[in-house]
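Visitor: Below are the structure tokens for one structure; questions will follow.
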Amino acid sequence: MRIFLILIQMIWLFLLTVLTQVGGLIWLLNRAFWTRRKSIKGRWAWRSLSFGLLYFFSAIVLIPLLARLNGRVALPLGTRSERPVAPLSWWTCLSNRHYVTPALYELAIRQGRFLQKLDAQQHLVYLDANFPFGRNFPLFPHLSHGDGRKLDLAFFRYDTREQKSTTQYPS
């Protein structure tokens, strides 16, 4: 049974690292903190809650600051109505898949503003960009996205009922 639990933890660590780049490290730090506290009731729930809070704090505050040292900038967060460039889903931002080089950041913002000049309802919507750290760290399933110079954009859709293009994307 113990080997099974260790195997599950290794798979969890691997998945967190592959999908978010830093999730595995944050999980290990959180786990190291909680292994010393054996007498707390509901330790599993507290450990899960603390991991979630630590990961969220890291993704919103720490990682963007450290990514700048690596030459990466986070693309804008927020809803599509607020900014000229926005993610299609929050999963992209929470999994740290929205970092690009400063040159690509400026280009995306410039193109988003140009698009809004043509139609105020339109926004440049991105899907995946890059991870915040390292060169050539593969961004699954986009193995070519390791250098910070690639950005996946969502297509615009033409709504035949309302006779206009839209940024409302079907699932």
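Visitor: Using a 1.4 Å probe on the protein heavy atoms, what percent of the accessible area of the range 1-145 belongs to carbon and sulfur?
Guide: Carbon and sulfur: 70 percent of the exposed surface of the range 1-145.
Visitor: Using the heavy atoms of the protein chains alone and a 1.4 angstrom probe, what is the accessible area of the range 73-149 per residue in square angstrom?
Guide: Accessible area per residue: 52 Å².
The values are calculated or read from the model by the stated rules, or taken from the named source; none is laboratory data. This is a predicted model, so every value here is computed, not measured. For the accessible areas, the whole protein counts, side chains as well, though only heavy atoms, and no ligand, DNA or RNA atoms are used. Shrake-Rupley method; radii C 1.70, N 1.55, O 1.52, S 1.80 Å.
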